[in-house]
1. Express the accessible area of chain B per residue in Å², computed with a 1.4 Å probe while the remaining protein chains stay in the model.
2. Using only Cα atoms, locate the centre of the range B:261-299 and the centre of the range A:146-175, then give the distance between them in Å, rounded to an integer.
3. Could you put B:VAL11, A:VAL322 in order of accessible surface area, largest first, with the 1.4 Å probe and the full protein assembly present?
4. Pop out a list of residues from the range B:1-44 that are at least 40 Å² less accessible with all the protein chains around than in their chain alone; 1.4 Å probe, no ligands or nucleic acids counted.
5. I'd like the accessible area for B:ARG97: 1.4 Å probe, protein heavy atoms, all chains in place, Å² to the nearest 10.
6. Please compute the contact order of chain B in relative form: average sequence separation of alpha-carbon pairs under 8 Å and at least six residues apart, divided by the residue count, as a percent.
7. Considering the Cα positions of the protein assembly as shown, please state its Rg to one decimal place and its Dmax as a whole number of Å.
8. Pop the C-beta distance of B:LYS56 and B:ASP343 into the FRET formula with R0 = 41 Å and round what comes out to the nearest 0.05.
Amino acid sequence: MNFDFSDDEKMVQDQIHRYLNDNCDFSRFRSVLEGNEPYSEQVWQGLAEMGVQGTAISSEYGGVEAGYLTLCLAAKEMGAHLAPVPFSTSVYLFAEALARYGSQAQKEKWLPLIASGQVKGTIAVSETLEEARADNIATSFKDDQVSGSKLVVPQGMVADVAIVLARKSDALTLAIVELEGVSRTPVEMVDPTMATSTLVFDNSAAEELGECSDGWDALADVHNRAAVLIAFEQIGGAEKALEMAVDYAKERFAFGRPIGSFQALKHMMADMYVALKLAESNCYYAAWALQNDSVDFALAAATARVSATQAFQLCSRDNIQVHGGMGFTWEFDCHLYYRRSNYLTLMLGGLATWEDKLIGALPAADAA
Amino acid sequence: MDFSDTKEEAVFREEVQAWIKGNAPEYLYEPLSTSGFGSTRTGDYDPLAEAKKWQKKKADAGWACIQWPSEYGGRGATPIQSVIWNQEEGVYGSLSRTFIIGQGMCAPTMMAYASEEQKQRYLPKLASGEEVWCQLFSEPHGGSDLAGLRTRAEKDGDDWVINGQKIWTSGAHYSDFGILITRTDPDVPKHKGLTMFFLDMRSEGVDIVPIKQANGDSGFNEVYFDNVRIPDVQRLGEVGEGWKVSLTTLMNERLAIGGSIATGFPEIKALVDELRVASGSAIEDSAVRSKLADWYAKSAGLQNTASRAISALSKGETPGPENSIGKLVAGGMMQDIAKFALDLQGLPGAIMDPEIASGSARLQAMLMRSPAVRIEGGTDQILRNIISERVLGLPEDMRADKGLPFNKIPTGN
Ligand SMILES: Cc1cc2nc3c(=O)[nH]c(=O)nc-3n(C[C@H](O)[C@H](O)[C@H](O)COP(=O)(O)OP(=O)(O)OC[C@H]3O[C@@H](n4cnc5c(N)ncnc54)[C@H](O)[C@@H]3O)c2cc1C
């Protein structure tokens, strides 16, 4: 047994880490947060030059084919740096949907464009104020056109192309729609750096994913895969939020001593560490299961997703608490993680949805 | 990453499986697998006798304490082989719980500090279960504040004379030997005046009084020392270095106790798979699913964290204080699970009789035993202190006794 990432995988992570450290500090996030730009084009291009978008895309389609374990570590860095780029929607959702359900021609057309960063993708699912279900999707697919509106599409403001969940007679399907000419309106969200928008399709040209027989099942499968990658973003963010809390607690004094010497805070941070450690280990397992198409993949993905969501929520929330009043200022960076953690929690369906999936994936007479 | 056995590991696993299949006490399978948490059920057979029998059989065939060097009763196995052994031994491994303190904590201390002759004399019999050991650390005055202990050792010729009292000593009533930490110098700060020994539990002046536990069992004892003489050759480490020696023991305690850890998840899952509640089948109830998912994620997290520790071990790294999380997570979780399980059943959930209660009352036994998990081997609070100070590097607690000679420390009575 060897339950660790390889030196090669860690080396790629380190390159991405160094690139983001040098080029993607919080000022980038803030620039997007404050509406100066919808995403950081500079960081996106920098990542593309390193081939990061194509990490797990096969070389046949212009990717570097470094595998999902490497992509997981790349995702962790994206999460840690709160990179304000449409990486998750393009790489974990759009590219995965194509790789899994696209026809040969569709893969040949789109995957190289994603791998090179020339095209930014997303997925358009939710239409109402309720969490998406198979029975609250009204957008229609007919005669290679979609019509209808999607309420919240992550990176909808910046994506060039979307996979759209739509109704085709009785069943649901997934279709590729180029977004040029599609009307989009920004939606104010808890994390404004996710460039979220509504999309209104009016007989927009669409092409069904060639190998998709049931749109809802295909979406669930794509979400499982993305869940692992987003879980890595979550633990990346959680680790940083905990680090911020610990650093601050060592320096800030109250009652003549560092606040980090008060047990109430020490124990709070110990609990943050525990949640992070459990999530991290579950993420490692899910990364392995993703890379190896393990039979228990759905369970591994839901487990990583549930614990990473818990860890990022706890760490970003209590990081604010450790900072006191400063933690509640716009100027301090605590709210950046708080915003991102709450957005990521909901991005593929909320915690309750994943808890439910986890239990559904357990074998009947489980012996954990 | 790779979870499959290597070729050598697979060969080893087959060898283990074959031996266990041919030798394990199959007549105990049923009672052992339905044992309540914290107890070892052996049906009509005597638990201590059965434990010793299985241990001896393993030792004779070279399957006891397999990671120890062969001259001390093991077979020099690797950490991974030891994990494979534990996986394959399965429920029969619970018979060895009797020896866990001796083999898991006393033995590493003996290996580090006893003379070669002593190691040859004591370790093989500890491995084979012919001699049982206990750990005499905690005292009425304090367990968390171990370094504040009061039991005195005074030099008299070639012997030391011991006076004082230990408490919560698990298994003292059936132990042959014990490791004992004492105060040899009360005039220096508390950590500096301690010295470690091992002793024969049948020495004159040792008095063992069982304590009845909150759950009705009697696993631990008070141990009184009245002018007990220990020869100086049974001192472990230098005079005044007892604290350092105890850290060897306590580090291994975290590994022994945190190693393979029960969480209660399989028990609660088995219950809700069958149970019906007001809304219908319990497993379909969304509140139940939410709780269950949280517990599954935690127990999987512990298992996966353990796998990472094993990977690290196999690369020659030593597991650090981050392994404190196992017991911290599992203790509270078991208590929560048990409480929730009972709650789902209403008053019948409070039935303790294993013949009547669902799941042989294992969850009820867990309810009553789990508070101890949060105390033994370092309380939840002490573990959080360890994580925050040694893993996260936060400042130490303010200590009212810092730098004071032991005999000037405020005692509160
Ligand atoms: C089932 C069982 C078996 C045991 N077996 C053995 C054995 O074989 N050998 C042996 O030597 N001991 C044994 N123990 C003893 C065990 O190690 C101690 O009970 C434990 O370390 C706690 O010490 P205490 O009981 O004196 O409680 P105390 O130390 O008095 O603690 C009381 C409370 O104060 C809290 N507290 C204490 N100090 C701090 C601090 N610095 N910061 C925050 N909170 C603090 C504790 O967390 C706890 O909640 C056993 C205990 C149990 C329950």
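1. Per-residue value: 45 Å².
2. The range B:261-299 and the range A:146-175 have Cα centres spaced 36 Å from each other.
3. B:VAL11, A:VAL322
4. B:MET1, B:ASP2, B:PHE3
5. 110
6. It comes to 14 percent, rounded to a whole number.
7. Looking at the protein assembly as shown, its Cα Rg and Dmax stand at 29.7, 102 Å.
8. Result of the calculation: an efficiency of 0.40.
The values are calculated or read from the model by the stated rules, or taken from the named source; none is laboratory data. Keep in mind the model is a prediction, meaning the values are calculated, not measured. We place every Cβ from the backbone using ideal geometry, glycine too, and count neighbours over all the protein chains shown. Heavy atoms of the whole protein, side chains included, go into the accessibility calculation; ligands, DNA and RNA do not. Shrake-Rupley method; radii C 1.70, N 1.55, O 1.52, S 1.80 Å.
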